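A.B. asks: Okay, here's the structure, questions in a sec.
The values are calculated or read from the model by the stated rules, or taken from the named source; none is laboratory data. Nothing here was measured: the structure is a model prediction, and the numbers come from that model. Note that we place each Cβ from the backbone using ideal geometry, even for glycine, and neighbour counts take in every protein chain shown.
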Amino acid sequence: MPVAPLLTSDPRAAYRALAHEIDAAIRGVLEGPSYVLGEAVARFEHDFAAYCGARHGIGVNNGTDAIHLALRALGVGPGDEVITVSHTAVATVAAIDMAGAIPVLADVDALTRTIDPRAAEALLTPRTKAVIAVHLYGHPADLGALIPLCEKHDLALIEDCAQAHAAEWNGRRVGSFGRVAAFSFYPTKNLGAIGDAGMVITSDEAVAERLRQLRQYGWRTPQHSELRGWNSRLDPMQAAILSAKLKHLTAQTSRRRAIAARYGEGLGDLPLTLPSVASDCAHAYHLFVIELADQAVRDALRAHLAASGIMAGIHYPEPVHLQPAYTGIAHGPMTVSERLARTVLSLPLYPEMTDADADRVIGEVRAYFNAPA
Ligand SMILES: Cc1ncc(COP(=O)(O)O)c(C=O)c1O
């Protein structure tokens, strides 16, 4: 019998594992009173914000809107500079554009693959208003350096937690360290919807209130726009699905860590770099990203794995500052980001994977290097 392909992440496997709960959640919305906002959205906003240690959650259409509206709610707009990274999903930078602000891109640290605080500091100008720290791959950015940096220069710290649900810094889940944090629930994320979905969380009451207005035409009361806003409401069907899945997030994160540990043991002696974890962090392993010696080795290993039905991904093949749409974007030196684009490879990792699946990946990577198991 042919062996099923292993994907980098597999939202369909996530659905199958929880099909009864997800189907019931969908039915609950179909039979319920609200097809827009309402109880399902309010419950998920409350529960997810509480899970992350924040007081307020504001559900929006997707993670890009979450960053965009967070910037707007903080009063960041035209003429203001926002520092973030080039080694990220383009969404982070697109959201700064959507707010009318000016993106300025810093290099990442070679170990954590998240924003290098010294590189960010070197890019500060009198126009800098905010820093977006992307907790990339599920590893928290260096909050121990970023929090004092932002305090010292009176900058808003925004956490881009799209890949870091349940990751921890100093024993607390990410999302409560910045003024606001933005989450995506894109289907492949650690907490994934069955479509687009996102949320901003914050403990700042005034910012939360502005976000609730901005996501719905600037309304505080219906049909009365106090601010110019948008339509970016979290869909109740997605909220109900996410509430059902949230109950499993802690266990699923443990499972991700167990698979990562298995990869670490199985691959540790090979000529490749494993993800490292800073001593004050708990990794959420949204992705398990290894680094190879150079692009030729990376591409050859990827092709070898694909030939045996293992679909490894590349996150990300082109740093934002080198993409045609962003020609001329302001940025600092990009040595690490440009190297990572050539050398990273994301091995399959999702909670429904079995140990045998992980061993199959380990076996094929070892076979590529002619290293017996
Ligand atoms: C780091 C990062 N930021 C932002 C986003 C944007 O999220 P969404 O796709 O829900 O708009 C994503 C996901 O694509 C992401 O990975």
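A.B. asks: Of the residues that make up region 4-11, is at least one surrounded by fewer than 23 Cβ atoms within 10 Å (Cβ to Cβ) and without any contact (Cβ under 8 Å) to a residue 40 or more places away in the chain?
C.D. replies: Among the residues of region 4-11, not one is surrounded by fewer than 23 Cβ atoms within 10 Å (Cβ to Cβ) and without any contact (Cβ under 8 Å) to a residue 40 or more places away in the chain, which makes the answer no.
A.B. asks: Identify all residues within region 108-131 that are of a type in the set (Gly, Ala, Ser) and either assigned to a helix (DSSP H, G or I) or surrounded by fewer than 22 Cβ atoms within 10 Å (Cβ to Cβ) (or both); write none if there are none.
C.D. replies: If we filter region 108-131 for residues that are of a type in the set (Gly, Ala, Ser), which is where we start, we get 110, 119-120, 122, 130.
Across region 108-131, the qualifying residues are ALA110, ALA119, ALA120, ALA122.
A.B. asks: Given the residues ALA24, ALA106, ALA94, ALA14, which is the only one that is in contact with a helix residue (DSSP H, G or I) (Cβ under 8 Å, 6 or more places away or on another chain) and over 30 Å from VAL289 (Cα atoms)? Before the answer, list the steps.
C.D. replies: Values: ALA106 fails: over 30 Å from VAL289 (Cα atoms); ALA94 fails: over 30 Å from VAL289 (Cα atoms); ALA14 fails: over 30 Å from VAL289 (Cα atoms).
Within the list ALA24, ALA106, ALA94, ALA14, the selection yields ALA24.
A.B. asks: Then there is this: Any idea how many residues of region 131-166 are within 15 Å of the ligand (Cβ to nearest atom) and either under 21 Å from SER337 (Cβ atoms) or not assigned by TED's automatic domain parsing to the domain that holds GLY100 (or both)?
C.D. replies: So the count comes out to 18.
A.B. asks: Residues being under 22 Å from the mean Cα position of the chain (by Cα) and on the phi > 0 side of the Ramachandran plot: count how many of those fall in region 120-166.
C.D. replies: 3
A.B. asks: Take region 143-179 and flag every residue that is in contact with an Asp or Glu (Cβ under 7 Å, 6 or more places away or on another chain) and in contact (Cβ under 8 Å) with a residue 40 or more places away in the chain.
C.D. replies: Step one: list which residues in region 143-179 are in contact with an Asp or Glu (Cβ under 7 Å, 6 or more places away or on another chain), which gives 144, 149, 169-170, 174-175, 177-179.
Scanning region 143-179 gives GLY144, TRP169, ASN170, VAL174, GLY175, GLY178, ARG179.
A.B. asks: Could you tell me which of the residues HIS304, HIS315, HIS321 is in contact (Cβ under 8 Å) with a residue 24 or more places away in the chain and either assigned to a loop (DSSP other than H, G, I, E, B) or at positive phi (or both)? Spell out the reasoning first.
C.D. replies: Working: HIS304 fails: either assigned to a loop (DSSP other than H, G, I, E, B) or at positive phi (or both); HIS321 fails: either assigned to a loop (DSSP other than H, G, I, E, B) or at positive phi (or both).
Among HIS304, HIS315, HIS321, only HIS315 is in contact (Cβ under 8 Å) with a residue 24 or more places away in the chain and either assigned to a loop (DSSP other than H, G, I, E, B) or at positive phi (or both).
A.B. asks: Name, by its number, the condition in (1) surrounded by fewer than 23 Cβ atoms within 10 Å (Cβ to Cβ); (2) out of contact with any Pro (no Cβ under 7 Å at 6 or more places or on another chain); (3) within 21 Å of GLN252 (Cβ to Cβ) that does not hold for ASP80.
C.D. replies: (3)
A.B. asks: While we're on this one: Return yes or no: is VAL180 of a type outside the set (Gly, Ala, Ser) and within 16 Å of the ligand (Cβ to nearest atom)? Before the answer, list the steps.
C.D. replies: Details: of a type outside the set (Gly, Ala, Ser): yes; within 16 Å of the ligand (Cβ to nearest atom): yes.
Yes, satisfied.
A.B. asks: If I ask for residues that are more than 14 Å from ILE115 (Cα to Cα) and either in a strand (DSSP E or B) or of a type in the set (Ser, Thr, Tyr) (or both), which ones from region 138-180 would you list? Spell out the reasoning first.
C.D. replies: First, pick out the residues of region 138-180 that are more than 14 Å from ILE115 (Cα to Cα): 148, 151-156, 162-180.
ALA156, GLU168, TRP169, ARG172, ARG173, SER176, VAL180, listed by residue number.
A.B. asks: Would you check if there is a residue in region 235-246 being part of a loop (DSSP other than H, G, I, E, B) and either in contact with a strand residue (DSSP E or B) (Cβ under 9 Å, 6 or more places away or on another chain) or touching a residue at least 24 places away in the same chain (Cβ under 8 Å) (or both)? Walk me through how you get there before you give the answer.
C.D. replies: First pass over region 235-246, keeping only residues part of a loop (DSSP other than H, G, I, E, B): 235.
Checking which are either in contact with a strand residue (DSSP E or B) (Cβ under 9 Å, 6 or more places away or on another chain) or touching a residue at least 24 places away in the same chain (Cβ under 8 Å) (or both) leaves us with 235.
Yes: region 235-246 contains one or more residues that are part of a loop (DSSP other than H, G, I, E, B) and either in contact with a strand residue (DSSP E or B) (Cβ under 9 Å, 6 or more places away or on another chain) or touching a residue at least 24 places away in the same chain (Cβ under 8 Å) (or both).
A.B. asks: Which of the residues that make up region 277-296 are touching a residue at least 24 places away in the same chain (Cβ under 8 Å) and outside any strand (DSSP E or B)? Write out each step before concluding.
C.D. replies: Residues of region 277-296 touching a residue at least 24 places away in the same chain (Cβ under 8 Å): 277-278, 280-295.
Residues satisfying the conditions are VAL277, ALA278, ASP280, HIS283, ALA284, TYR285, HIS286, LEU287, LEU292, ALA293, ASP294, GLN295.
A.B. asks: Can I ask one more? Keeping to region 46-69, report how many residues are touching a residue at least 24 places away in the same chain (Cβ under 8 Å) and under 16 Å from VAL174 (Cα atoms). It would help to see each step written out before you state the result.
C.D. replies: Step one: list which residues in region 46-69 are touching a residue at least 24 places away in the same chain (Cβ under 8 Å), which gives 47-49, 51-69.
After this cut, where a residue has to be under 16 Å from VAL174 (Cα atoms) as well, the list is 47-49, 51-57, 63, 66-67.
Looking only at that region, the number is 13.
A.B. asks: I've got another one for you. When residues of region 185-232 are filtered for being assigned to a loop (DSSP other than H, G, I, E, B) and away from the ligand (no atom under 16 Å from the Cβ), how many remain? Break it down into steps so the answer makes sense when it comes.
C.D. replies: Step one: list which residues in region 185-232 are assigned to a loop (DSSP other than H, G, I, E, B), which gives 185-197, 203-204, 215, 217-218, 222-223, 226-230, 232.
Now drop any that are not away from the ligand (no atom under 16 Å from the Cβ), which leaves 203-204, 217-218, 222-223, 226-229.
Number satisfying all stated conditions: 10.
A.B. asks: Condition (residue is assigned by TED's automatic domain parsing to the domain that holds ILE201, farther than 29 Å from GLU352 by Cβ and within 24 Å of the chain's Cα centre (by Cα)) applied to region 40-55: is it met by at least one residue? Steps first, please.
C.D. replies: Start the filter on region 40-55 by keeping residues that are assigned by TED's automatic domain parsing to the domain that holds ILE201, which leaves 40-55.
Retained after the next criterion (residues that are farther than 29 Å from GLU352 by Cβ): 42, 55.
Subset that is within 24 Å of the chain's Cα centre (by Cα): 42, 55.
Among the residues of region 40-55, at least one is assigned by TED's automatic domain parsing to the domain that holds ILE201, farther than 29 Å from GLU352 by Cβ and within 24 Å of the chain's Cα centre (by Cα), which makes the answer yes.
A.B. asks: Filter region 48-77 down to the residues that are part of a loop (DSSP other than H, G, I, E, B) and within 9 Å of the ligand (Cβ to nearest atom), then identify the one that is farthest from ALA162 (Cα to Cα). Spell out how you get there, then give the answer.
C.D. replies: Going residue by residue through region 48-77, those that are part of a loop (DSSP other than H, G, I, E, B) are 53-55, 61-62, 74-77.
Now drop any that are not within 9 Å of the ligand (Cβ to nearest atom), which leaves 61-62.
Numbers: ASN61: 13, ASN62: 10 Å.
Here the residue is ASN61.
A.B. asks: Return a yes/no flag: does region 22-37 have any residue that is outside any helix (DSSP H, G or I), surrounded by fewer than 17 Cβ atoms within 10 Å (Cβ to Cβ), in the same structural domain as TRP219 (by TED's automatic domain parsing) and among the aliphatic types (A, V, I, L, M).
C.D. replies: Keep residues of region 22-37 that are outside any helix (DSSP H, G or I), which gives 32-37.
Restricting the remaining residues to those that are surrounded by fewer than 17 Cβ atoms within 10 Å (Cβ to Cβ) gives 32-36.
Narrowing the set further to residues that are in the same structural domain as TRP219 (by TED's automatic domain parsing) leaves 32-36.
Still in the running and among the aliphatic types (A, V, I, L, M): 36.
Yes, some residue in region 22-37 is outside any helix (DSSP H, G or I), surrounded by fewer than 17 Cβ atoms within 10 Å (Cβ to Cβ), in the same structural domain as TRP219 (by TED's automatic domain parsing) and among the aliphatic types (A, V, I, L, M).
A.B. asks: Kindly list the number of the only condition in (1) crowded, with 19+ Cβ neighbours inside 10 Å; (2) over 15 Å from the mean Cα position of the chain (by Cα) that fails for ALA197.
C.D. replies: (2)
A.B. asks: Additional query: Considering only region 78-107, state which residues are of a type in the set (Val, Ile, Thr), within 12 Å of the ligand (Cβ to nearest atom) and not in a helix (DSSP H, G or I). Lay out the reasoning, then the answer.
C.D. replies: Our first condition is that a residue be of a type in the set (Val, Ile, Thr); within region 78-107, this holds for 82-85, 88, 90, 92-93, 96, 102, 104.
Keeping just the survivors that are within 12 Å of the ligand (Cβ to nearest atom) gives 84-85, 88, 90, 92-93, 96.
Selection gives THR84, VAL85, THR88.
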